[in-house]
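Structure, as structure tokens:
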Amino acid sequence: MNKKKLWFSLCFNIVIVILTIIGLGIAVFDAQTMNTPYAMLLKYFTTLSNLFLFVAAVIMIVYEALLLANKTKLIPNWVSVVKLSATVSTTITFLVVVFFLLPMALTNKEQEYSPAFLFVNSNLIFHVFNPLLGVVGFLLFDNEKKSIKLPQTLFALIFVGCYEIFYTLDVFLKFMPGDGPTAHDWYNFTVFGNQFIPLILILFICLSFLISLLLWLGNKKINLFKKQKRTATK
């Protein structure tokens, strides 16, 4: 990776880290205002996926700094795989908000939140900014050496799968604290009926793989195009 591209990638990851810290600060303040335990923020896939992206960005920053300082020659394969997995997770957050939660908020007046709520304060960062930065950053800057192999795209399913199992178990076993219709189904998936929850789990697993595959292919095509362009200009 040339230094110009490396600096761009570093800036992207630094912005993700800064935005996540700001988003978490706003979320904690809102939780304090509403007397909500801070730990309850961690039950949301939105929070967890953005924290995952935060961790992946921090790891990338460390290795990119080492590259700039000539302390290492490449970014390890596992780092790229983690970044891909985190990007898949935040992309799912974005898609659920845009294609599920937003339409429900627009059509169902009994929803506990308005459409605008999905895109204000920390939600704007976690639902829009970070997911888009993650996708653009991965496509343009990551995995330049093509270290991620096709079978490794399956690793992106682990994080999403673990969360979906946790969510499904809580819907049926109700082990998380709270009362009310959305206490154990905070994304309102049971609107289709409890019997569809396992199917939704499978759907998200399949969606995770599809996103992972598309990001991997997109990154591969963009890197190939840039390589051919550099070759043609020599």
Checklist entry - Of these, ILE125, ILE148, which one is under 22 Å from ASN13 (Cα atoms), more than 17 Å from the chain's Cα centre (by Cα) and either at pLDDT below 95 or not charged (D, E, K, R) (or both)? => result ILE148
Checklist entry - For the subset of the range 4-46 comprising residues that are touching a residue at least 40 places away in the same chain (Cβ under 8 Å) and of a type in the set (Ser, Thr, Tyr), which member is surrounded by the fewest Cβ atoms within 10 Å (Cβ to Cβ)? => result TYR44
Item to check | Subset of the range 162-180 [surrounded by 12 or more Cβ atoms within 10 Å (Cβ to Cβ) and at pLDDT below 75] | outcome: MET176, GLY178
Next on the checklist: Exactly one condition in (1) closer than 30 Å to CYS11 by Cα; (2) in a loop (DSSP other than H, G, I, E, B) is false for TYR187; which is it?
Outcome noted: (1)
Checklist entry - Do you know which of the residues in the range 120-168 that are of a type outside the set (Val, Ile, Thr), touching a helix residue (DSSP H, G or I) at 6+ places or on another chain (Cβ under 7 Å) and outside any helix (DSSP H, G or I) is farthest from LYS3 (Cα to Cα)? => result ASN121
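Matching residues to (1) outside any loop (DSSP other than H, G, I, E, B); (2) at pLDDT 95 or above:
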{"site": "ILE22", "(1), (2)": "yes, yes"}
{"site": "GLY25", "(1), (2)": "yes, yes"}
{"site": "GLN32", "(1), (2)": "yes, no"}
{"site": "VAL81", "(1), (2)": "yes, yes"}
{"site": "THR87", "(1), (2)": "yes, yes"}
{"site": "LEU95", "(1), (2)": "yes, yes"}
{"site": "PHE100", "(1), (2)": "yes, no"}
{"site": "LYS109", "(1), (2)": "no, no"}
{"site": "LEU118", "(1), (2)": "yes, no"}
Checklist outcome for this item: LEU201 meets each of (1) within 24 Å of LEU139 (Cα to Cα); (2) among the hydrophobic types (A, V, I, L, M, F, W, C); (3) surrounded by 12 or more Cβ atoms within 10 Å (Cβ to Cβ) with one exception, condition (1)
Checklist entry - surrounded by fewer than 19 Cβ atoms within 10 Å (Cβ to Cβ), farther than 21 Å from TYR163 by Cα and out of contact with any Leu (no Cβ under 9 Å at 6 or more places or on another chain) - does that describe any residue in the range 80-87? => result no
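The values are calculated or read from the model by the stated rules, or taken from the named source; none is laboratory data. Small disclaimer: the values here were computed from a predicted structure and weren't measured. As a convention, Cβ positions derive from the backbone with ideal geometry for all residues, glycine included, and neighbour counts pool all protein chains shown.
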